[in-house]
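A short write-up of the structure that comes next.
The values are calculated or read from the model by the stated rules, or taken from the named source; none is laboratory data. Every value quoted in this text rests on a predicted model; they were computed, and no experiment measured them. Cβ: placed from backbone, ideal geometry, glycine included. Neighbour counts: every protein chain shown.
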């Protein structure tokens with residue numbers, strides 16, 4: 001299906017811009033309100049503001065004209081670039097850039113926290129990331145996203161979620177989530193950079209184009225569909241390898257400089273303890289008393305005073 005108006009015809013993407021503006025407004029207003037209501041609350045450091053701005057810039061590039069339109073209808077290479085932005089840029093910058101109080105609120109709902117609790121384990125994160133990245137590039141889904149804005153939006157959100165699955169075990173920072181040790185992080189990143197690469201080889205060595213959606217790629221990027229597909233394979237493989245292995249090398253280098261290998265764990269914050277209490281309460285509510293580990297041996301609350309404690313969270 002060829003889009004009308006040519007590959008670089010202007011399209012406003014009003015909904016995408018509205019969502020981005022809403023994210024900025026809610027984040028800034030929510031953080032300011034928290035600081036007013038919580039004496040001594042941690043500020044929003046400039047480095048985090050810069051990371052947050054970088055995530056918004058990446059989202060604006062990925063979800064709006066012209067990259068989103070070319071990725072949807074004209075070029076597999078551009079689609080791969082869009083996916084790399086959604087996976088390798090936006091999630092880590094948001095995890096690093098959101099104010100900690102807002103990160104707590106966003107991850108507190110039970111369904112979100114349950115997903116995070118499961119996907120923070122590499123044994124879960126690796127297959128989930130692999131299935132999403134490969135599954136969303138199957139021919140039926142690529143064809144469907146080209147013909148439906150709704151399908152395209154849902155696929156983009158799923159890919160974005162896969163990015164969070166990829167980075168949470170590395171960055172941590174989410175309440176109740178402990179980062180992997182430096183060597184573990186490096187090994188995990190190596191695995192995540194290698195496993196999805198087989199799809200790149202499919203693109204590179206295929207003898208015919210796999211997607212009829214991009215049969216007019218020459219109008220957008222000046223390449224025949226098969227050449228566009230081969231370039232997409234190289235971009236996908238090299239992009240994942242370069243970013244993830246670079247981050248892994250930085251992790252190991254920093255661990256050596258700061259002697260992180262001899263430390264026990266990341267600092268424990270009250271937000272981490274509170275999140276574990278919330279998880280224990282949910283497990284206890286799903287089963288008989290004592291079955292979920294939320295109650296003591298005599299059926300009483302093991303920490304009865306926890307709801308009366310100060311809820312203030314220190315800076316990460």
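Residue by residue, here is whether (1) over 22 Å from the mean Cα position of the chain (by Cα); (2) over 18 Å from residue 7 (Cα atoms); (3) at pLDDT 95 or above holds:
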position: 194; (1), (2), (3): no, yes, no
position: 199; (1), (2), (3): no, yes, no
position: 216; (1), (2), (3): yes, no, no
position: 219; (1), (2), (3): yes, no, no
position: 224; (1), (2), (3): yes, no, yes
position: 229; (1), (2), (3): yes, no, yes
position: 232; (1), (2), (3): no, no, yes
Checked region 1-31 for anything part of a helix (DSSP H, G or I) and either closer than 22 Å to residue 142 by Cα or more than 25 Å from the chain's Cα centre (by Cα) (or both); matches are 15, 16
Taking region 126-152 and keeping residues in a helix (DSSP H, G or I) and either touching a strand residue (DSSP E or B) at 6+ places or on another chain (Cβ under 7 Å) or surrounded by 16 or more Cβ atoms within 10 Å (Cβ to Cβ) (or both) leaves 126, 128, 129, 130, 132, 133, 141, 142, 144, 145, 146, 152
Pairing a residue in region 186-211 that is over 22 Å from residue 142 (Cβ atoms) with any residue that is modelled with pLDDT under 95 and in a loop (DSSP other than H, G, I, E, B), where Cβ atoms lie under 8 Å and the two sit 6 or more apart in sequence or on different chains, gives 188/180
Answer yes or no as to whether residue 172 is modelled with pLDDT under 95, under 27 Å from the mean Cα position of the chain (by Cα), closer than 30 Å to residue 276 by Cβ and surrounded by fewer than 16 Cβ atoms within 10 Å (Cβ to Cβ).
-> no
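Residue by residue, here is whether (1) assigned to a helix (DSSP H, G or I); (2) crowded, with 18+ Cβ neighbours inside 10 Å; (3) more than 25 Å from the chain's Cα centre (by Cα); (4) at pLDDT 95 or above holds:
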| site | (1), (2), (3), (4) |
| --- | --- |
| 251 | yes, yes, no, no |
| 257 | yes, no, yes, no |
| 261 | yes, no, yes, no |
| 264 | no, no, yes, no |
| 271 | yes, yes, no, no |
Checked region 42-52 for anything surrounded by fewer than 21 Cβ atoms within 10 Å (Cβ to Cβ) and within 16 Å of the chain's Cα centre (by Cα); matches are 51
Of the residues in region 32-42 that are touching a residue at least 12 places away in the same chain (Cβ under 8 Å) and in a loop (DSSP other than H, G, I, E, B), the one that is farthest from residue 216 (Cα to Cα) is 40
Of the residues that make up region 230-241, is at least one surrounded by fewer than 18 Cβ atoms within 10 Å (Cβ to Cβ), part of a helix (DSSP H, G or I) and touching a helix residue (DSSP H, G or I) at 6+ places or on another chain (Cβ under 8 Å)?
yes
